[in-house]
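Input: a single structure, listed below in structure tokens.
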Amino acid sequence: MPELVRSITARLREFVRDRRCAKRYSVRLSCQVELARANVIRNGSHGSHALEGHTRDISSDGMALILPAIRLGDHYLAGENHPLLVHLQLPDSMIEMHMVAVRYDSFADEEQGAGYILGARITQLGQEDRAQYVEFLANLAKK
């Protein structure tokens, strides 16, 4: 039943109006995702596990990530109060941003395999990283 609702919503968006405000760019960039609080020492050891994935599309305020799993250890990436730390590989540099998941769904594609698509909103981005990210988006807009 949830799949039917998502399908109807997606089709309705085509006819009515897309809710998204920021222009999205389809681009595949490598990324690593971890829980932002995972670097806290627990029982004398660091709990910094990360998932390797890539972007499906990006915008000035968020992105869609393709990941092999929706859980990291005992925690859902899309759970409440689970800020994410995302390391995004731009062509010339690696940037770091804090994000929060806004939705997720299972994902299957012949080329990219199976996994999950995670929609996330950017909540924090350092000044230098923001400048590089905005420049990258501007270059995508020119194409």
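The values are calculated or read from the model by the stated rules, or taken from the named source; none is laboratory data. In this text the structure is predicted, and so the values were computed from the model without any measurement. Neighbour counts are summed over all protein chains in view; Cβ atoms, including those assigned to glycine, are modelled from backbone coordinates with ideal geometry.
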Legend entry - Residues that are crowded, with 18+ Cβ neighbours inside 10 Å and modelled with pLDDT of 90 or more, drawn from region 36-56: LEU51, GLY53, THR55, ARG56
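Quick grid of which residues meet (1) among the polar types (S, T, N, Q); (2) under 12 Å from the mean Cα position of the chain (by Cα); (3) surrounded by 15 or more Cβ atoms within 10 Å (Cβ to Cβ); (4) over 17 Å from GLN32 (Cβ atoms):
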{"residue": "PRO91", "(1), (2), (3), (4)": "no, no, no, no"}
{"residue": "MET97", "(1), (2), (3), (4)": "no, yes, yes, no"}
{"residue": "GLN127", "(1), (2), (3), (4)": "yes, no, no, yes"}
{"residue": "TYR133", "(1), (2), (3), (4)": "no, no, yes, no"}
